[in-house]
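See below for the structure under consideration.
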Amino acid sequence: MNKYYFKRIAFLFVVAFVFTACQSGSNKQSKGAFGDSDVASKVYVPPGQYDEFYAFFSGGFSGQVSVYGLPSGRLLKVIPVFSVDPEKAYGFNEETKPMLNTSFGFIPWDDSHHPELSQTDGVPDGRWLFINGNNTPRIARIDLKTFETVEILEIPNSSGNHSSPFITENSEYLVAGTRFSVPIPQKDVALKSYKENFKGALSYIKVGKDGEMSIAFQILVPGYDYDLAHSGKGKSHGWTFFTSYNTEESNTLLEIGASQKDKDYIAAVNWKKAEEYLAAGRFKTFPANYAHNTYSDATHSAKSEMLKEVKVLIPEECPGLIYYLPTPKSPHGVDVDPSGEYICGNGKLSSDITVHSFTKMLQAIKDDNFDDEVDGIPIINYEAVHAGSVKSSGLGPLHTEFDGRGNAYTSFFISSEVVKWKLGTWEVLDRVPVYYSIGHLMIPGGDSKKPFGKYLVALNKITKDRYLPTGPELCQAAQLFDISGDKMKLLLDFPTIGEPHYAQAIPAEIIKNNSVKYYKLTDNKHPYHISSEDEAKVTREGDNVHIYISSIRSHFAPDNIEGVKVGDKVYFHLTNLEQDWDVPHGLGVMGAKNSEILVMPGQTETLLWKPQRPGVFPFYCTDFCSALHQEMQGYVRVSPK
Ligand code: CUK
Ligand code: CUA
């Protein structure tokens with residue numbers, strides 16, 4: 001591309017951007033943000049160049065994770081996690097169907113809220129991304145070498161896996177609290193018996209050295225709603241903090257309901273202490289209720305295992321394990337600053353941000369400075385832990401992230417703004433409006449020990465008047481801010497997939513060179529793989545027909561298949577013989593009730609087809625792969641039974 005052309009494109013882009021910006025700038029407050037002509041250049045990644053950060057957004061009720069480049073806001077990939085995805089055959093091919101097995105059977109959907117990167121020494125390390133399934137309690141692990149979901153663990157004794165999965169600073173554990181309390185173990189009881197029968201569970205999931213997850217232990221806690229969590233770091237490493245609401249323990253929010261009390265609690269759990277109690281055998285064993293752990297192995301085929309039982313710690317029998325920190329007005333997010341000293345509880349019905357001090361908390365515990373206790377859990381005196389409050393005059397604080405320079409940024413849902421404030425002095429430094437109704441916000445590394453800073457992303461729920469109308473539902477969206485200066489500066493709006501709750505971002509440098517480009521054919525351990533076209537064949541065992549088929553630019557072998565009968569189970573085991581980056585081949589069969597399959601170079605995937613009527617059925621490659629892609633096809637003849 002010549003220089004002139006390139007400049008012209010850049011110029012048009014700037015014009016288009018400024019024009020659009022001014023149009024939506026009918027919002028008075030936002031106008032100032034576009035006053036600077038350098039805004040477009042800050043998000044402009046020229047054609048052929050890479051973004052600086054990978055950003056991973058939760059897909060909310062889509063159940064997936066979407067990967068964006070920052071600062072451009074370009075969508076790079078949607079990673080299927082909890083929901084089936086026919087584009088990638090996830091949940092349709094024989095290899096990934098088991099990924100969505102649960103104790104309730106195959107579930108093709110979930111609601112995912114919080115992506116969390118693995119950490120080493122409190123810093124995101126780019127090995128894995130974890131994310132919660134909120135509805136059917138699960139945590140998934142995505143391998144960032146392949147950007148594929150490789151493991152899903154179902155959590156027993158959980159109901160509404162919302163405060164999850166937040167990680168400890170060396171990826172020792174992921175934590176998961178229950179948003180709903182239910183009888184544990186489950187049983188049929190009157191809803192009015194909430195106070196006697198309903199419990200919460202805080203789960204600690206061990207992360208092994210290859211990322212594999214297992215439930216280390218659970219803590220049985222009073223029947224509150226455990227909403228969010230974050231682990232301690234630095235001086236508070238070894239502790240986890242969970243917010244709770246409905247400490248009234250009401251089974252209905254309608255009448256007297258929850259949110260009556262002025263203060264609910266942040267639960268502070270000493271998990272190092274928990275490890276001691278476990279080692280000393282001070283736990284109870286609960287059944288795991290047929291919960292599944294499913295992981296993809298060397299064959300790239302998922303296998304499910306049923307969990308047998310879980311170890312449960314009871315606070316009454318484990319003194320020093322857990323404390324409650326009173327926190328005003330139904331705290332939602334709980335966020336720990338990079339030093340590990342400050343624990344920010346955002347009371348969603350409040351205008352203030354409450355900050356507790358870890359040092360004061362330890363002192364209060366030492367001094368037995370408790371106001372009360374519930375089920376063996378001491379409630380620490382509020383004044384004894386309170387470090388300070390940010391009088392922000394915003395409304396509905398939800399989540400806080402940090403820039404590593406002593407500043408914190410809090411999202412305010414009701415007043416639709418981000419407030420920047422100073423740790424320690426609690427003074428408000430800046431505030432910007434967002435469009436509209438922000439939930440989480442995210443700074444790259446902003447919940448870690450060493451935030452990468454530079455940008456802030458606002459994850460907004462409502463976008464009325466920001467985008468072209470698309471019927472009754474409008475897109476959810478992100479807004480990108482430059483936070484490198486004293487004042488936050490709005491750079492870009494871009495739509496997201498599903499409702500983006502939380503997100504994580506990491507410098508591209510940490511991940512991009514580890515990306516798998518293709519799989520070596522010699523490493524293929526799939527039970528139905530072949531190593532060359534010569535091994536292609538069709539075999540029959542009873543009604544099962546196995547087609548060992550290969551693909552390489554630009555043909556299938558075999559491409560003419562006869563001898564199949566109505567009522568057979570026909571398995572296409574497609575091995576992609578390519579040994580090159582970005583050359584998947586697909587396979588679609590006319591009338592097959594599954595999706596297509598899409599096989600990566602060097603891998604084998606299986607499509608099951610049950611032909612229903614006699615005839616001749618074409619199949620073809622679904623992913624453009626060469627000039628002869630359209631010729632990549634074949635026929636199956638189906639005869640009557
Ligand atoms: S939640 Cu969505 S705005 Cu599920 Cu983390 Cu706070
Ligand atoms: Cu192979 Cu298109």
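Simple point charges give the picture: +1 on the Cβ of Lys and Arg, -1 on the Cβ of Asp and Glu, and for the range 462-557 a dipole about the Cα centre of about 200 debye. Scanning residues 5 or more positions from S415 or on other chains, those with amide H under 5 Å from its amide H are L395, with H placed 1.01 Å from N in the peptide plane.
Cα centroids of the range 615-635 and the range 329-371: 61 Å apart. The overall shape of the range 53-512 is rounded: from the C-alpha gyration tensor, with semi-axes ordered a ≥ b ≥ c, the ratio a/c is less than 1.5. The angle separating the long axis of helix 3-24 from the principal Cα axis of greatest extent in the chain is about 50 degrees.
Checking every one of the trypsin sites (Lys or Arg not before Pro) in the range 269-308 against DSSP loop status and a limit of 12 other Cβ atoms within 10 Å picks out K308. Among the trypsin sites (Lys or Arg not before Pro) within the range 545-605, those in coil by DSSP and having at most 12 neighbouring Cβ atoms inside 10 Å are K593. Dipole size of the chain about its Cα centre, with +1 on Lys/Arg Cβ and -1 on Asp/Glu Cβ: approximately 980 debye, rounded to the nearest 20.
Any idea which of A536, Y382, V269 is furthest toward the positive side of the dipole for the chain, if Lys and Arg beta-carbons carry +1 and Asp and Glu beta-carbons -1? Value: A536. Close amide H contacts of S550 (hydrogens built in the peptide plane, cut-off under 5 Å, sequence separation of 5 or more or a different chain): A557, T575. Given +1 at the Cβ of Lys and Arg, -1 at the Cβ of Asp and Glu and no other charges, the dipole of the range 230-388 around its Cα centre is 560 debye to the nearest 20. Centroid-to-centroid, using Cα positions, the range 406-484 and the range 100-156 are 24 Å apart. Taking θ as phi - 60° and the Karplus parameters 6.51, -1.76 and 1.60, the scalar couplings of the range 405-416 work out to 10, x, 10, 10, 10, 10, 8, 10, 5, 6, 8, 6 Hz in sequence order, x denoting glycine and proline.
Estimated purely from DSSP H runs of n ≥ 4, each contributing -39500 (n - 2.57), the mean residue ellipticity at 222 nm for the chain is -2500 deg cm²/dmol once divided by its residues. Non-local lysine pairs in the range 388-481, meaning eight or more places apart or on different chains, with alpha-carbon distances under 27 Å, amount to 15. The amide H of A216, built 1.01 Å from its N in the peptide plane, has Y204, I205, K206 as neighbours under 5 Å, considering only residues 5 or more places off or on other chains.
Coordinate-derived values only; no laboratory data. Model, not experiment: these values are computed from the prediction. We place every Cβ from the backbone using ideal geometry, glycine too, and count neighbours over all the protein chains shown.
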